[in-house]
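Worksheet: the structure to be examined is printed underneath.
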Amino acid sequence: MHYDLAFMNYIAYLINEHEFVPYRDIFEINMPVSYLFHIAIGKLLGYSDIASNIANLIWLSIMVAVTWLIMKQFDRLIAFTSCILFGCIYIQSNFYMERDMIAVLPIATTILLSIYLKNTNLLKFKYFLIGVLFGVAAMFKPHLILGFPFLMIYNFINDFNNDKKNLILNYLKNTLLSLLGFSLIIFICILWLWQIDALESFWQILSSYTPLYTRMTRELQSNYLSYLFNSYRSFGGYGLLIVTSVLGVYIVLSEAFLEKTKRLSILLLFLAFIYSLYVVISGRFLGYHWAPYVYFTSLCTALVLFNPKTSQKLDRILFPLIVFIFTVTLTIGSSVKSTIAQFIFKIPPQSNELYFNQADEITNYLKKSLIPGSLVQPLNYCSGHLYGMLKSNAVIATPYIVDFYFYHHTSNKYIKRLRKDFIQRLKTQMPTFIIRSLINEDSCVNYSLSTFPELYNFIEKNYTVDYASETTIIYKNIKITD
């Protein structure tokens with residue numbers, strides 16, 4: 001279970017099993033549907049690796065089915081190829097159960113609805129559902145809304161191009177229906193937050209902390225535009241896919257007999273481009289942020305094999321095939337063997353060895369040391385401590401599930417208030433253990449305890465080191481006797 005998945009599963013565990021309230025009892029900036037998704041998995045399947053693998057298999061099966069039905073509009077070979085290509089990239093990537101990837105499913109489903117709901121009596125329902133599904137995607141990650149205008153234009157052209165007399169009226173009516181569906185999801189999320197007494201806390205985090213978080217990367221770069229350009233042009237290591245995608249769409253536009261086939265290929269290419277900009281908006285170029293772009297370029301890449309004519313010259317058949325094999329080989333060929341082994345046998349990649357070892361040592365320690373009523377406070381970010389706490393059913397002492405928030409914009413009044421609140425809650429709860437991860441302490445923020453003297457003094461006064469390794473220090477409350 002990788003870090004982000006363990007992070008979300010641990011939050012779901014706290015909410016489901018210990019009645020924590022998101023945003024109020026857990027200080028985090030993720031959107032509501034992200035929590036609801038993992039809460040549902042926790043209630044239905046649990047929080048273990050097996051539960052996550054089952055949820056992943058269900059999600060992937062639905063995703064492949066939707067992809068097949070979309071790409072079958074070209075032909076069965078394209079449908080099969082796109083499913084296999086996407087599946088291989090997904091398995092060998094770091095997209096496993098990431099929110100950026102999970103939220104692609106409702107967007108892909110809007111394309112499916114656009115293709116198959118053609119009956120005049122169902123058009124209003126279709127546009128409403130498109131809004132609902134984009135609302136779900138946006139409540140995972142808000143800037144996933146980027147694809148919404150392009151999908152609406154695609155539907156308008158398909159549905160109303162022959163009715164020029166009422167063109168503007170149809171546009172307005174059905175746009176309003178989609179916005180109504182989108183607003184319904186927003187309203188449901190707000191209603192849920194209000195019902196669990198989390199609305200005020202959610203708004204405070206959204207309005208006060210999120211702007212600081214989004215500014216952090218920009219302020220750390222001496223030349224932000226240069227940083228954006230240099231990071232963007234790599235396309236997350238999947239740059240060759242966009243080149244092959246353009247060729248694939250060109251082949252469809254040149255050789256397809258049906259206009260609807262051509263329009264679908266253009267839509268997929270537009271979505272590939274627009275979701276490459278999705279990463280630029282966030283300003284954070286982590287691998288899994290490229291997931292929506294990779295999905296749509298995978299589909300477009302398969303289009304190079306599009307061949308609707310029964311008779312073709314050998315070079316017409318061989319050239320696209322060579323391009324496709326070349327693209328696939330350079331994109332995933334070198335790592336497919338090892339990553340399939342990791343996926344099937346759950347062998348952790350070597351680069352994550354520290355993470356899994358740390359999670360195991362924390363799990364072993366806590367299972368031996370936890371007593372009823374014990375509280376644990378983790379320190380640091382992006383390491384195996386939360387996975388270890390999840391596996392040992394440890395309960396956190398404060399709302400601050402990571403301490404990343406305290407180490408950027410330290411002169412800001414809001415961050416100072418967070419620091420003060422953190423120390424006050426530690427003094428009130430006096431957790432039995434404080435787990436400090438030494439992994440990633442050289443990241444973009446300064447995690448040294450010396451930059452947070454109040455925390456350093458609190459630990460020095462009330463705790464002693466009970467366990468230490470290369471990756472972890474566990475402090476034990478000096479008032480707790482064995």
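The values are calculated or read from the model by the stated rules, or taken from the named source; none is laboratory data. All of these numbers come straight from a predicted model, not from anything done at the bench. Neighbour counts are summed over all protein chains in view; Cβ atoms, including those assigned to glycine, are modelled from backbone coordinates with ideal geometry. SASA here: full protein model, heavy atoms, side chains in, ligands and nucleic acids out. Shrake-Rupley method; radii C 1.70, N 1.55, O 1.52, S 1.80 Å.
Data for the structure
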| read-out | value |
| --- | --- |
| Residues that are assigned to a helix (DSSP H, G or I) and touching a Pro at 6+ places or on another chain (Cβ under 8 Å), drawn from region 385-437 | H385, L386, M389, R425 |
| Restricting region 92-145 to residues that are open to solvent by 30 Å² or more (accessible area, probe 1.4 Å) and aromatic (F, W, Y), the residue that is farthest from F296 (Cα to Cα) | F125 |
| Residue identified as closer than 22 Å to Y288 by Cα, in a helix (DSSP H, G or I) and open to solvent by 50 Å² or more (accessible area, probe 1.4 Å) among F37, F7, F86 | F37 |
| Count - residues of region 151-198 that are assigned to a helix (DSSP H, G or I), open to solvent by 30 Å² or more (accessible area, probe 1.4 Å), among the hydrophobic types (A, V, I, L, M, F, W, C) and in contact (Cβ under 8 Å) with a residue 24 or more places away in the chain | 8 |
| Qualifying residue in region 26-33 (condition: surrounded by 16 or more Cβ atoms within 10 Å (Cβ to Cβ) and touching a Ser or Thr at 6+ places or on another chain (Cβ under 7 Å)) | no |
| Filter result for the condition that a residue is touching a residue at least 60 places away in the same chain (Cβ under 8 Å) and aliphatic (A, V, I, L, M), over L286, L277, L314 | L277 |
